[in-house]
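The values are calculated or read from the model by the stated rules, or taken from the named source; none is laboratory data. Predicted model only: the values in this text are computed from it and were never measured. Virtual Cβ from ideal backbone geometry, glycine too; neighbours counted across all protein chains shown. Please note that ligands, DNA and RNA were not included when accessible areas were found on the heavy atoms of the full protein model with its side chains. Shrake-Rupley method; radii C 1.70, N 1.55, O 1.52, S 1.80 Å.
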Amino acid sequence: MDKRLVVLGAGESGTGAAILAKDLGMDVFLSDSATIPQHYRDILEAEGIPYEEGGHTPERILNADEIVKSPGIPLTAPIVAAATDKHIPVVSEIEFAGRYAGDAKMVCITGSNGKTTTTLLTYHILREAGLDVGLAGNVGYSLAYQVAREPHEVYVIELSSFQLDNMYDFKANIAVIMNITPDHLDRYDHKMENYVRAKFRILRNMTPSDAFIYWKDDPVINAQLEKITVEARMFPFAEKLEEDSAAYVDAENNLILNTPGEHLEMPRADLALHGLHNLYNSMASGLSASLLHIRKDTIRKALSDFEPVEHRLEPVATIDGVRWINDSKATNVNSCYYALEAMTGPTVLILGGKDKGNDYSEILPLVRKRVKAIVAMGVDNRKITDFFSGEVARIADTHTLDEAVAAARSFAAEGDTVLLSPCCASFDLFTSYEDRGRRFKQAVKNL
């Protein structure tokens, strides 16, 4: 009898998993509690994959041999809890796809911040080197779809903690942890140690022939490394040369990358991405490429000609001498910290949205140093206005994007920067951080 596989969630991840299951000859069924986006519904119908939307039918789900769960669905969702009670294995799409990827090399990147840029930059270097490479996880097409229809020799995969939660036998050949700061704690019983353990699942099943790249100065990573044994070879990166640093900046301001049998240096000024956080992104990407034996001149060129990521410190326009920057992807406080660190002059900061239990004290020293005014943009801004009252000269309480842009414009003078770096999820006024960023860019262009 064919294995029965049920997929929960019909986004990129779930639809890809359903296609792979179909191609493998499984009895596949997809269920989504919400309305399935038209694009994915068209794909499911063209593929002849049975599905339901707008709710889960337990009889059609709890007869599964295995369930592939989309990352956005929490383990506490009633249908997932019911499956667990019946001892039906629940896995992530990455876990499922990884079984059928053959000998493909897996470069896996996680972290609270910087993982999208690092993933795209690593993919850029490998593609420039002529490798047969796929982009998967939180960016690109789902890994399952690519394994089924467009297999590659190497995959660069951005992994969230939600994806890592249901990965068991999957193995990374190169694992990267950029940093770990509080995020998504509502999914982890509000316990930081649960979130940290989820991130470190990226190291599962690794062997001494594999490589672990990480930020050496992250206290959370260091504390966890004291508690566990890492089988993989370790390649830490840091801004300054420290004992065993595999990547650092030397006294002449050159980026140095050291991997077995390879030594690469290039002027830091030649990097396409500026700011300290982007230096780390470049280091992690360069180390990954070097460990895959990419030629040094290819790595140098790719690190110097990469196009920045949309919604991450993205320059929008300069109007009347004021720079406008879209950092809508900053959905947590630590992301905003990195953005403020990259500012060089007086800044008008636009904050706000759906608060995930934020502690704004992390950015307070930088706000005092660099921020001349704050524009709070959201349905309920009291937490922001209360916290920053008395810390900056001016605060505006706004409830629409147009109000926020108008207030920011009134506060900014020639030579200033207006920075949208909200610290919060977007779901109070927008459908996603991309929607927020694009509407912000349009509003600025309308000026």
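Here is how the numbers come out for the structure above:
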read-out: Strands (runs of 3 or more DSSP E) (entirely within segment 334-447) containing at least 1 residues that are touching a residue at least 60 places away in the same chain (Cβ under 8 Å) and buried (at least 18 other Cβ atoms within 10 Å of the Cβ); value: 347-351, 417-420
read-out: Residues being over 22 Å from the mean Cα position of the chain (by Cα) and of a type outside the set (Gly, Ala, Ser) - total across segment 240-290; value: 25
read-out: Residue count, segment 302-318 (criterion: under 15 Å from residue 277 (Cα atoms) and of a type in the set (Gly, Ala, Ser)); value: 0
read-out: Segment 126-168, subset among the charged types (D, E, K, R) and in contact with a strand residue (DSSP E or B) (Cβ under 9 Å, 6 or more places away or on another chain), residue modelled with the lowest pLDDT; value: 165
read-out: Unique match (being under 24 Å from the mean Cα position of the chain (by Cα) and farther than 30 Å from residue 107 by Cβ) among 36, 79; value: 36
read-out: Residue in segment 59-77 that is of a type in the set (Asp, Glu), within 20 Å of residue 19 (Cβ to Cβ) and open to solvent by 30 Å² or more (accessible area, probe 1.4 Å) present; value: yes
read-out: Test for residue 91: is it crowded, with 18+ Cβ neighbours inside 10 Å and touching an Asp or Glu at 6+ places or on another chain (Cβ under 7 Å); value: yes
read-out: Search result, residues across segment 113-129 that are of a type in the set (A, V, I, L, M), in contact with a Ser or Thr (Cβ under 7 Å, 6 or more places away or on another chain) and part of a helix (DSSP H, G or I); value: 121, 125
read-out: Subset of segment 46-58 [open to solvent by 60 Å² or more (accessible area, probe 1.4 Å) and charged (D, E, K, R)]; value: 53
read-out: Residue within segment 203-213 that is closer than 23 Å to residue 99 by Cα, of a type in the set (Gly, Ala, Ser), open to solvent by less than 80 Å² (accessible area, probe 1.4 Å) and assigned to a loop (DSSP other than H, G, I, E, B) present; value: no
read-out: Selection from segment 96-118 of residues that are crowded, with 22+ Cβ neighbours inside 10 Å and closer than 14 Å to residue 307 by Cβ; value: 117
read-out: Selection within segment 14-42 - touching a Ser or Thr at 6+ places or on another chain (Cβ under 6 Å) and modelled with pLDDT under 95; value: 40
read-out: Residue ranges of strands (runs of 3 or more DSSP E) in segment 130-185 with at least 2 members surrounded by fewer than 24 Cβ atoms within 10 Å (Cβ to Cβ); value: 133-137
read-out: So residue 197, is it within 23 Å of residue 73 (Cα to Cα), at pLDDT 95 or above and open to solvent by 70 Å² or more (accessible area, probe 1.4 Å); value: no
